[in-house]
Amino acid sequence: MRRLGTKAKHDGFVWNLLVVVLVATMAVASVALAAENEDEERNAPIDQIIAAAKISLGDAVAYALQAHPGRAVEAELEGEISDSGTDIFYEVKIVDASGSFYELKLDPADGRVLADTLEDESEDAAEQQELQQALAGAKIDLATCISAAASENKGRVFAATMEMDDGSPICEAATTGKRHQYEIEIDLVDGKVAEIDRATYDDDRDEDDDHHGDRGQDEDDD
């Protein structure tokens, strides 16, 4: 009888332990699902974010350089649209005369500078080195790259950055239209468009577009 009692207690302990584990697992899953739903609510398609911006990426670069003289190496429209409100801003990275990197946050409605922050060299050393190399070999500025990308009639430019590609300085610009997003590679020496990559909104399928053959195909994307 004592053995049966001990076994019953043991079985009861195991059952209780299983219940605790099950409840804990369900709680973790619920938290993960809530976090995923929260992310979905925070993130908005880039075309919706662009629609909320009143000034262009090129204008944002111009405003940033007026406020903080130097050379722009990177610019992007960032932010979120959700049920709780809108948080959209331009971020422009500038290298000043001393070689220091600054990130400026600008209001997308009027170009007003919201923040001007010195970058931490220790955290972004590799990126800063690549940007410096691209800047040293560049014959055109970031604003010219943005204009070149816009002239391709591939929608509105929402990001552009200088970088190195196989030892050559290039500008990688991103645009969006009604049906597609594009990445446009521009040679920083001669300002010519070297390559256009297209991604369809529906399936995000990447397609390499021949620059000359694709010109004018999607002019209704702007």
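Calculated FRET efficiency, Asp110 to Asn153, Cβ-Cβ distance, R0 = 30 Å: about 0.65 to the nearest 0.05.
With both labels modelled 7 Å from their Cα along Cα-to-Cβ, the Lys139 to Ser100 distance reads 3.3 nm. Inter-label distance, Thr86 to Ala194: 3.7 nm, where each label sits 7 Å from its Cα along the C-beta direction. The Cα atoms of the stretch 87-177 give a gyration tensor whose axes a ≥ b ≥ c have a/c of 1.5 or more with a/b no greater than b/c, which makes the shape oblate.
Protection proxy ranking for 119-129, 50-60, using the average of other Cβ atoms within 10 Å per residue and placing the highest first: 50-60, 119-129. Listed here are the pairs Lys93/Lys139; Lys54/Lys139; Lys54/Lys154; Lys105/Lys154; which of them are more than 22 Å apart at the Cα? Distance filter (> 22 Å) returns Lys54/Lys139; Lys105/Lys154.
The numbers here are math on the coordinates, done by the rules we state, and not lab data. Everything quoted here is computed from the prediction, not taken from an experiment. With ideal geometry, Cβ positions are generated from the backbone for all residues, glycine too; neighbour counts draw on all protein chains shown.
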